[in-house]
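Below is one structure, written out as structure tokens, with a few remarks after it.
The values are calculated or read from the model by the stated rules, or taken from the named source; none is laboratory data. Computed from a prediction, not measured in an experiment: that's the story for all the values here. Virtual Cβ from ideal backbone geometry, glycine too; neighbours counted across all protein chains shown.
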Amino acid sequence: MAETITALSEQQMSQLQKEKLVLLATIDAESGFPNVSAISWVYANDMSNIRFAVDRRSRLVENIKRHPQVTVTFFGEGKVNAVYGTAAAIADSLEGVPFKLACFDVAVEAVRDAMFYGSRISVEPEYEKTYDKRAADKLDGQVFAAMKKA
């Protein structure tokens, strides 16, 4: 049996210290089914903690309150990284951000390579913001600064 990895590597932590496409899996509070959402306001505080922010009205907030176990999945180092942990609310809103964002910390409990055997990611997924680039950059700066202070 493979050894369980209980912290991010330095490279994984570095990848999560800049804007990155991340998939957040929760258990739906109403249906009990798995729920996956793409988010980008994510920041690794250190190797054992991942912080993220979402709109306070998001379904994710209630999902996490009901079932705090989450999976944070991201692409990097040619593989799919799945980080399992327990989320806890650290702020109901973030100072200096023009709308209400809930902020959570995920205590990393296990990190696994979720890529299927004999393969690697050759090109990571990319995304672009479809609204005013200047406004998006300003908002991202405000959110990341507030998340680091929370």
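Name the residue, out of 61, 72, that is out of contact with any Ser or Thr (no Cβ under 8 Å at 6 or more places or on another chain), modelled with pLDDT of 95 or more and assigned to a helix (DSSP H, G or I).
When all the criteria are applied, what remains is 61.
Would you point out which residue out of 47, 13, 1 is at pLDDT below 95 and either more than 18 Å from residue 129 (Cα to Cα) or among the polar types (S, T, N, Q) (or both)?
On inspection, the qualifying residue turns out to be 1.
Would you please name the residue that is farthest from residue 86 (Cα to Cα), looking only at residues in region 108-150 that are of a type in the set (Val, Ile, Thr) and surrounded by 13 or more Cβ atoms within 10 Å (Cβ to Cβ)? Give the steps one after another, and end with the answer.
Initial filter on region 108-150 (of a type in the set (Val, Ile, Thr)): 108, 111, 121, 123, 130, 143.
Then keep just the ones that are surrounded by 13 or more Cβ atoms within 10 Å (Cβ to Cβ); that gives 108, 111, 121, 143.
Working: 108: 7, 111: 13, 121: 27, 143: 22 Å.
Here the answer is 121.
Each row is one residue, and each column tells you yes or no for (1) over 15 Å from the mean Cα position of the chain (by Cα); (2) under 18 Å from residue 127 (Cα atoms); (3) not β-branched (Val, Ile, Thr).
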position: 4; (1), (2), (3): yes, no, no
position: 9; (1), (2), (3): yes, no, yes
position: 17; (1), (2), (3): no, yes, yes
position: 46; (1), (2), (3): no, no, yes
position: 62; (1), (2), (3): yes, no, yes
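How about region 60-82: which of its residues are in contact (Cβ under 8 Å) with a residue 60 or more places away in the chain and more than 17 Å from residue 42 (Cα to Cα)?
77
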